[in-house]
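Structure in structure tokens, see below.
The values are calculated or read from the model by the stated rules, or taken from the named source; none is laboratory data. Keep in mind it's a predicted model, so treat the numbers as computed, not measured. Here the Cβ is made from the backbone with ideal geometry for all residues, glycine too, and neighbour counts use every protein chain on show. These accessible areas exclude ligands, DNA and RNA; they are computed on the full protein's heavy atoms, side chains included. Shrake-Rupley method; radii C 1.70, N 1.55, O 1.52, S 1.80 Å.
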There are 4 protein chains.
Amino acid sequence: MKRSIALISTGGTIEKTYDELRGVLSNQVSVLDIMLASLELRGVDIQRVQLMNKDSLDMSPEDHTLIAQIATRLAEAHAGVVVVHGTDRLAVSGERVVELAGTPASPIVLTGAIRPYELRSTDALQNLTEALLAVQLLPAGVYVAMHNQVLQFPGVIKDRNAGTFVKEP
Amino acid sequence: MKRSIALISTGGTIEKTYDELRGVLSNQVSVLDIMLASLELRGVDIQRVQLMNKDSLDMSPEDHTLIAQIATRLAEAHAGVVVVHGTDRLAVSGERVVELAGTPASPIVLTGAIRPYELRSTDALQNLTEALLAVQLLPAGVYVAMHNQVLQFPGVIKDRNAGTFVKEP
Amino acid sequence: MKRSIALISTGGTIEKTYDELRGVLSNQVSVLDIMLASLELRGVDIQRVQLMNKDSLDMSPEDHTLIAQIATRLAEAHAGVVVVHGTDRLAVSGERVVELAGTPASPIVLTGAIRPYELRSTDALQNLTEALLAVQLLPAGVYVAMHNQVLQFPGVIKDRNAGTFVKEP
Amino acid sequence: MKRSIALISTGGTIEKTYDELRGVLSNQVSVLDIMLASLELRGVDIQRVQLMNKDSLDMSPEDHTLIAQIATRLAEAHAGVVVVHGTDRLAVSGERVVELAGTPASPIVLTGAIRPYELRSTDALQNLTEALLAVQLLPAGVYVAMHNQVLQFPGVIKDRNAGTFVKEP
């Protein structure tokens, strides 16, 4: 039987698409549904929640609080929650959930990407795949799943030079 | 710190490549290293064990026993084992491990694919990604990880029509 | 103004798709429309003619004659004709057109592929792109366009070892 | 026998790559060699000339003149010249060749792309394929080959809304 999972999208690099007229990558339309359609999903039954579509560098403190509140609330109604998020401020939202909820009712797994799905070479599908599996295997808690690694909040930070997440020393 | 994982390849659809002269897909060279190079692997330190390169329909009982013995032995020396295997007889090798070892020293995760990595549209990378994450999160035991789902042996069979694995009724 | 071009598909490697149940590549459904949708076509207005879907090794003499007759007839009604064909017997159909029609009313360009479009790495899009451009630039005659090269019939043969076409010595 | 072709790269959207740290697409390293390696080139023997790597919106009048002079000069030494160029100012360089050289010694074919090669969905390979075939089939002159269409200078302009080139009305 499939687990019911809420999938909250907030934007970030993973969802950026190419604007031909301006020649830039930006958060305009969500490509998450295209990514999901390319995966074979037998373990989860996904409820999509399109919350915002922002580069996380443009998120306000209110945005992070909103994401944390919605994720916490949905963790009560579902067997788990996946949050797709820009990596620059992903840890801010992750810590906010812990501050608000301590241990949520079910696992909340954040993920994102260093290279947009739109690119020929990207970590987007790998990370989404990992988040959608980790949310089934982990106990209740707040995590980032990305680059073949699961780290638990609090105490996770982005290592900008390595382009990934690490535990605070 | 990265977990030390043994990755045993045995062939199967996931590793089939295209033979231009004969115009068919077959198990001749392994494309597993190319798949691994396309993933960002921060959680595991992989030791590759190229055991055989066979369509699992061509595996003998001795082949299955050999795979099970090697996997069980490597589970003692590593934090986990991933076995890449043809899906048609994957469950035979999975059950053989349980018969031989009961619960191995660390998790043994089998995976494969319905569509070769060589194809434009394939489940190979998804399944390999899942196996390489699941092996870090699961307790000791024998599993198949594929199509966003982890199932534990004994009692797993291939549903040929659905093209995936299910628990025996 | 776009040129009106007839595009005859007959099957061959270029159109082979993967049969998950049998685990083989075969000519069952045509992927030509998917290929066409991935190209930006400003120069031609295409009329699709789905004539047959066969590995050219399975074509009978009647098949080759039928292809040649239809191509010759469509060359009168259009500014050019492209024929997608298995490479093994592509030259047989090309020579047949010359035997039947000498110089057709407009250019007839045959093409195919050594590696199916379904593969991650394929010459299918390159060859289709070339045929759809060559048919606009060439004078009336019968040609193969493939692998960055245009050769005129009669006197073209497949070099099986090189996996491409050459002029007879 | 292969034709000797000079391939001048000047940058533009077609060659833009993704900068993970800054999260933008820019002209830093050339991906043209990777594109060339993915094509099967039997008709041309390419001499690469890496002239500059600029978004064409950043080109000065001197840049356009330099490109035109080098292309004209190389057209004397080779059977043809392909110029990879940003589309925004591609027509400026094309017209400059006509002003300087009238009809060059061999065909000069300019091309570019609306979507970078780095993207999952791109017109880069189609356009490069077309330029490398057109340069073999066209008489001496100055052209743009892109989107299944060949247009001859003078009198070619970019239609920004359509994202392609058209003849001046």
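Give the residue that is nearest to the other protein chains (Cβ to nearest Cβ), with candidates limited to residues of segment B:50-69 that are among the aliphatic types (A, V, I, L, M) and in contact with a Ser or Thr (Cβ under 7 Å, 6 or more places away or on another chain).
Here is the first cut: in segment B:50-69, the residues among the aliphatic types (A, V, I, L, M) are B:51-52, B:57, B:59, B:66-68.
Filter once more, so that each one left must be in contact with a Ser or Thr (Cβ under 7 Å, 6 or more places away or on another chain): B:51-52, B:67-68.
Working: B:LEU51: 21, B:MET52: 18, B:ILE67: 20, B:ALA68: 24 Å.
Once the filter is applied, the top-ranked residue is B:MET52.
In segment C:156-165, what residues are more than 9 Å from chain D (Cβ to nearest Cβ) and either within 13 Å of the chain's Cα centre (by Cα) or open to solvent by 10 Å² or more (accessible area, probe 1.4 Å) (or both)? Please lay out each step first, then the result.
Within segment C:156-165, the subset more than 9 Å from chain D (Cβ to nearest Cβ) is C:156-161.
Across segment C:156-165, the qualifying residues are C:ILE157, C:LYS158, C:ASP159, C:ARG160, C:ASN161.
Is it true that some residue in segment D:73-80 is in a strand (DSSP E or B), under 25 Å from D:ILE34 (Cα atoms) and in contact with a helix residue (DSSP H, G or I) (Cβ under 9 Å, 6 or more places away or on another chain)? Break it down into steps so the answer makes sense when it comes.
Going through segment D:73-80, the residues in a strand (DSSP E or B) turn out to be D:80.
Next, from what is left, pick out any that are under 25 Å from D:ILE34 (Cα atoms): D:80.
Restricting the remaining residues to those that are in contact with a helix residue (DSSP H, G or I) (Cβ under 9 Å, 6 or more places away or on another chain) gives D:80.
Yes, that holds for at least one residue.
Just give me the residues in segment D:81-110 being more than 14 Å from chain A (Cβ to nearest Cβ) and part of a loop (DSSP other than H, G, I, E, B), in sequence order.
Those that are more than 14 Å from chain A (Cβ to nearest Cβ) and part of a loop (DSSP other than H, G, I, E, B): D:HIS85, D:GLY102, D:THR103, D:PRO104, D:ALA105, D:SER106, D:PRO107.
Here's the yes/no breakdown for (1) open to solvent by 30 Å² or more (accessible area, probe 1.4 Å); (2) within 20 Å of C:ILE14 (Cβ to Cβ); (3) out of contact with any strand residue (DSSP E or B) (no Cβ under 7 Å at 6 or more places or on another chain):
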site: C:THR72; (1), (2), (3): no, no, yes
site: C:ALA75; (1), (2), (3): no, no, no
site: C:HIS78; (1), (2), (3): no, no, no
site: C:HIS85; (1), (2), (3): no, yes, no
site: C:LEU90; (1), (2), (3): no, yes, no
site: C:SER93; (1), (2), (3): no, yes, no
site: C:GLY102; (1), (2), (3): yes, no, yes
site: C:ALA105; (1), (2), (3): yes, no, yes
site: C:ILE108; (1), (2), (3): no, yes, no
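Of the residues that sit in segment D:93-121 and are without any contact (Cβ under 8 Å) to a residue 24 or more places away in the chain and of a type outside the set (D, E, K, R), which one is farthest from D:THR65 (Cα to Cα)?
From segment D:93-121, those without any contact (Cβ under 8 Å) to a residue 24 or more places away in the chain are D:102, D:119-121; that's our starting set.
From the residues that got through so far, the ones that are of a type outside the set (D, E, K, R) too are D:102, D:119, D:121.
Working: D:GLY102: 14, D:LEU119: 31, D:SER121: 32 Å.
Looking at residues that are without any contact (Cβ under 8 Å) to a residue 24 or more places away in the chain and of a type outside the set (D, E, K, R), I get D:SER121.
List the number of the failed condition for B:GLN152; all other conditions in (1) open to solvent by less than 50 Å² (accessible area, probe 1.4 Å); (2) in contact with a strand residue (DSSP E or B) (Cβ under 9 Å, 6 or more places away or on another chain); (3) not hydroxyl-bearing (Ser, Thr, Tyr) hold.
(1)
Find the residue count for segment C:125-148, including only residues that are within 8 Å of chain D (Cβ to nearest Cβ) and open to solvent by 10 Å² or more (accessible area, probe 1.4 Å).
Within segment C:125-148, residues that are within 8 Å of chain D (Cβ to nearest Cβ) and open to solvent by 10 Å² or more (accessible area, probe 1.4 Å) number 5.
Given the structure, is D:THR122 among the hydroxyl-bearing types (Ser, Thr, Tyr), open to solvent by 10 Å² or more (accessible area, probe 1.4 Å) and modelled with pLDDT of 95 or more?
Working: among the hydroxyl-bearing types (Ser, Thr, Tyr): yes; open to solvent by 10 Å² or more (accessible area, probe 1.4 Å): yes; modelled with pLDDT of 95 or more: yes.
It is true that D:THR122 is among the hydroxyl-bearing types (Ser, Thr, Tyr), open to solvent by 10 Å² or more (accessible area, probe 1.4 Å) and modelled with pLDDT of 95 or more.
Looking at segment B:27-49, which of the residues that are surrounded by 15 or more Cβ atoms within 10 Å (Cβ to Cβ) and in a strand (DSSP E or B) is farthest from the other protein chains (Cβ to nearest Cβ)?
B:VAL49
Among the numbered criteria (1) under 16 Å from the mean Cα position of the chain (by Cα); (2) closer than 30 Å to D:SER56 by Cβ, which one does A:THR17 miss?
(1)
Failed condition for B:GLY12, given (1) within 14 Å of the chain's Cα centre (by Cα); (2) modelled with pLDDT of 95 or more, with all others met?
Only one criterion in (1) within 14 Å of the chain's Cα centre (by Cα); (2) modelled with pLDDT of 95 or more is unmet by B:GLY12, namely (2).
Could you list, ordered by first residue, the pairs with Cβ atoms under 8 Å in which the first is in segment C:143-161 and outside any strand (DSSP E or B) and the second is open to solvent by 50 Å² or more (accessible area, probe 1.4 Å), at least 6 apart or interchain?
C:HIS147/D:GLU40; C:HIS147/D:ARG42; C:ASN148/D:GLU40; C:ASN148/D:ARG42; C:GLY155/C:LYS167; C:GLY155/C:GLU168; C:ARG160/B:LEU21
I've got another one for you. Residues of segment A:111-124 being aliphatic (A, V, I, L, M) and either part of a loop (DSSP other than H, G, I, E, B) or more than 7 Å from every other protein chain (Cβ to nearest Cβ) (or both), which ones?
Quick first cut of segment A:111-124, residues aliphatic (A, V, I, L, M) only: A:113-114, A:119, A:124.
Selection gives A:ALA113, A:ILE114, A:ALA124.
What's the total number of residues in segment D:8-26 that are assigned to a strand (DSSP E or B) and within 14 Å of chain C (Cβ to nearest Cβ)?
Counting residues in segment D:8-26 that are assigned to a strand (DSSP E or B) and within 14 Å of chain C (Cβ to nearest Cβ) gives 0.
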